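**Student:** To start, I am sharing the structure in question, which I have written as structure tokens.
The values are calculated or read from the model by the stated rules, or taken from the named source; none is laboratory data. All values derive from a computational prediction rather than experimental measurement. Here the Cβ is made from the backbone with ideal geometry for all residues, glycine too, and neighbour counts use every protein chain on show. Surface accessibility is based on the protein's heavy atoms, side chains included, excluding ligands, DNA and RNA. Shrake-Rupley method; radii C 1.70, N 1.55, O 1.52, S 1.80 Å.
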Amino acid sequence: MKAVVCRETVLTVGEVETPTPGKGQVLLEVTACGICGSDLHSRVHCDDMAELAAETGYTGFMRSDQDIVMGHEFCGSVLEYGPGTHKRWKLGAPVAALPIVRRGSEIHLTGLSALAPGGYAERVVVQEAMAMTVPNGLEPEKAALTEPMAVAWHAVRKGAVGKGQTAIVIGCGPIGLAVISMLKASGVRHVVASDFSPRRRQLAEQCGADLVVDPAEHSPWTSYPERNEIRKITGLLELGMDTMEKLRWAPKVPWWHVFRLADTVGATPEGPVIFECVGMPGVIDQIVATAPLLSRVVVVGVCMETDKFRPAMAINKEIELRFAFGYDPREFRDALYMLAEGKVDPTPLITGKVGLAGVATAFEALGKPEEHAKIIVDPSSAAVAP
């Protein structure tokens, strides 16, 4: 079969052996595959990423001296079943699948391991237990975005944003745009998006952001009305003092119960929920230093370099840091059905399409934020440029 092979950062189209579905596996004909930002990073920094993965217990991550078929955001139609399968779907049925497969006694990341070739190819193997029917006739190019939308949905759930809270998305690349889409789908009424790129700000508006700012001109922290927020430590101290003075005027009132009640009903001060979707050194420290007190920060952008921030600053402001990675099968299904039922429209993210021969060109194009957000690979297409 034809596939795009990455070796020593070079992407070439060639003939490779068609993968054979093993026990519990299904062979799919790839109908669409999205190019992910992590693929762009892996192409250049895979050896560093492999070392990091090994420290967390996974030793099968791709290396630069291996032949790798990347692509983990895909959907396809059922071609063949391996042994020990339930044959859940008719041949030709459209399915999407989580990009993990078994190889012997090990589990590997599809499209990010030499032992699990991915979706920049005519065929791909998936685990039957991790595959799901694409419902409601959802178009392949949209179904292929289930995976990045599931990443965003996991991050939004990790953020635990109340519908009346303000959510601020820093960085409006593909994952930031997906987070904006999922925030609005979950009912969050106040979503602020911040990006230096005019094109990405435009896409953020199309994805539903209520307020879009250029951080070169306006701070994302002061561009929206304060909603029970405190932006200086003196304000928090003053609030505590004022509250106690007022409560002590009523000596028979157990003031500590008032504090407990306020905490229970959510009447205590809180900051916005901030989604860091840039993944560059210094961004976390900048957010910690400038965000309102009591903010919750969900780090979604993947910074591949050593970074630093000032813990004392985060402590003084009681900034809460959470890190989001991946998703679980339920979140993957949630994202698939949100797409299929029209609760989330990924159309603004899709800015180009190519065939296998155009993948290398698409990688270069994705390095220019003013041009593209998400490029879809259609193995049956002859397009060589997005």
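**Student:** Too long at a 22 Å Cα-Cα cut-off: which of K87/K353; K2/K353; K184/K353?
**Tutor:** K87/K353; K184/K353
**Student:** Within the chain, what whole-number % of the accessible surface is contributed by carbon and sulfur, with the 1.4 Å probe and all protein chains included in the calculation?
**Tutor:** Working: 10100 of 18410 Å².
Solvent-exposed carbon and sulfur of the chain make up 55 percent of the total.
**Student:** Another question, if that's okay. Give the ranking of W221, W255 by solvent-accessible surface, highest area first, calculated with a 1.4 Å probe.
**Tutor:** Details: W221 25, W255 75 Å².
The ordering from most to least exposed comes out as W255, W221.
**Student:** Now, a different point. If I take R0 = 45 Å and measure r between the Cβ atoms of E318 and D65 in this structure, what FRET efficiency does the formula 1/(1 + (r/R0)^6) give, to the nearest 0.05?
**Tutor:** 0.45
**Student:** What full-extension length gain, to one decimal in nm, is calculated for L261 and C303 as 0.36 nm per residue of separation minus the Cα-Cα distance?
**Tutor:** Details: separation 42, 0.36 × 42 = 15.12 nm, distance 4.04 nm.
Between L261 and C303, full extension yields an extra 11.1 nm.
**Student:** What residue among H218, H257, H372 has the largest mean-square fluctuation in a Gaussian network model of the chain, using Cα springs under 10 Å?
**Tutor:** Judging by the Gaussian network model, the answer is H257.
**Student:** For the chain, what log10 I(q)/I(0) values come out of the Debye formula at q = 0.08, 0.11, 0.13 1/Å, with one point per alpha carbon and no solvent?
**Tutor:** -0.46, -0.79, -1.04
**Student:** Once amide H atoms are built 1.01 Å from N in the peptide plane, which residues 5 or more positions from G301, or in another chain, come under 5 Å H to H?
**Tutor:** E276, C277, V278, G279
**Student:** Helix-only mean residue ellipticity at 222 nm, the chain, DSSP H runs n ≥ 4 weighted -39,500 (n - 2.57), per residue, nearest 500. What is it?
**Tutor:** Numbers: 11 runs with 116 residues, N = 386.
Rounded to the nearest 500, the figure is -9000 deg cm²/dmol.
**Student:** Measure nothing but the geometry: give the 0 to 90° angle between the long axis through the Cα atoms of 174-185 and the longest principal axis through the Cα atoms of the chain, rounded to 10°.
**Tutor:** 60 degrees
**Student:** Output wanted: per-residue J couplings in Hz (rounded whole) for segment 148-162, from phi through Karplus 6.51 cos²θ - 1.76 cosθ + 1.60, θ = phi - 60°, x for Gly and Pro.
**Tutor:** Each residue of segment 148-162 in turn: x, 5, 5, 4, 5, 5, 4, 5, 5, 5, 4, x, 6, 7, x Hz.
**Student:** Please report the net charge: other residues with Cβ closer than 15 Å to the Cβ of T146, K and R +1, D and E -1.
**Tutor:** Every neighbour counted, the sum reads -4.
**Student:** Going by amide H atoms built from the backbone, whose H comes under 5 Å of the H on V213, apart from near neighbours?
**Tutor:** Placed amide hydrogens put A193, S194, D195 under 5 Å from V213.
**Student:** Could you calculate the FRET efficiency of D285 with Q206 from 1/(1 + (r/R0)^6), where r is the beta carbon distance between them and R0 is 22 Å, rounded to 0.05?
**Tutor:** On the way: r = 31 Å, r/R0 = 1.39.
It comes out at approximately 0.10.
**Student:** Sticking with this one: What percent does the relative contact order of segment 270-356 come to when contacts are Cα pairs within less than 8 Å and at least six residues apart?
**Tutor:** Values: 103 pairs, mean separation 22.8, N = 87.
So the answer I get is 26 percent.
**Student:** When all protein chains stay in place, what accessible area (Å², nearest 10, 1.4 Å probe) is found for D345?
**Tutor:** Counting only protein heavy atoms, the figure is 80 Å².
**Student:** Moving on. Whole angstrom only: what separates the Cα centroid of segment 1-60 from the Cα centroid of segment 142-173?
**Tutor:** First find each Cα centre; the distance between them is then 25 Å.
**Student:** Right, next: Can you give the extra length, in nm with one decimal, that the chain gains between H45 and S105 once fully stretched, where that is 0.36 nm per residue apart less the Cα-Cα distance?
**Tutor:** 18.9 nm
**Student:** Another one. Using a ≥ b ≥ c from the Cα gyration tensor of segment 103-212 (square roots of the eigenvalues), is it rounded, prolate or oblate, where a/c under 1.5 gives rounded and otherwise the larger of a/b and b/c decides, a/b for prolate?
**Tutor:** Numbers: a/c = 2.19, a/b = 2.02, b/c = 1.09.
Prolate, since a/c reaches 1.5 and a/b exceeds b/c.
**Student:** Please work out whether segment 227-386 counts as rounded, prolate or oblate from its C-alpha gyration tensor, where a ≥ b ≥ c are the square roots of the eigenvalues and a/c under 1.5 means rounded, while otherwise a/b larger than b/c means prolate and anything else oblate? Walk me through the numbers before you get to the answer.
**Tutor:** Values: a/c = 3.87, a/b = 2.31, b/c = 1.68.
Taking the square roots of the gyration eigenvalues as a ≥ b ≥ c, segment 227-386 is prolate.
**Student:** Here is a further query. I want to make sure I understand the PRE zone here: with the label point 7 angstrom from the Cα of T56 toward its beta carbon, which residues in segment 283-322 have backbone N atoms less than 20 Å away?
**Tutor:** 283-285, 297-309, 321-322
**Student:** In debye, nearest 20, what is the charge dipole magnitude of the chain about its Cα centre with +1 on Lys and Arg Cβ and -1 on Asp and Glu Cβ, if you could check? Let's see the in-between values first.
**Tutor:** Values: 38 positive and 46 negative charges, 251 e Å.
Computed charge dipole of the chain: roughly 1200 debye.
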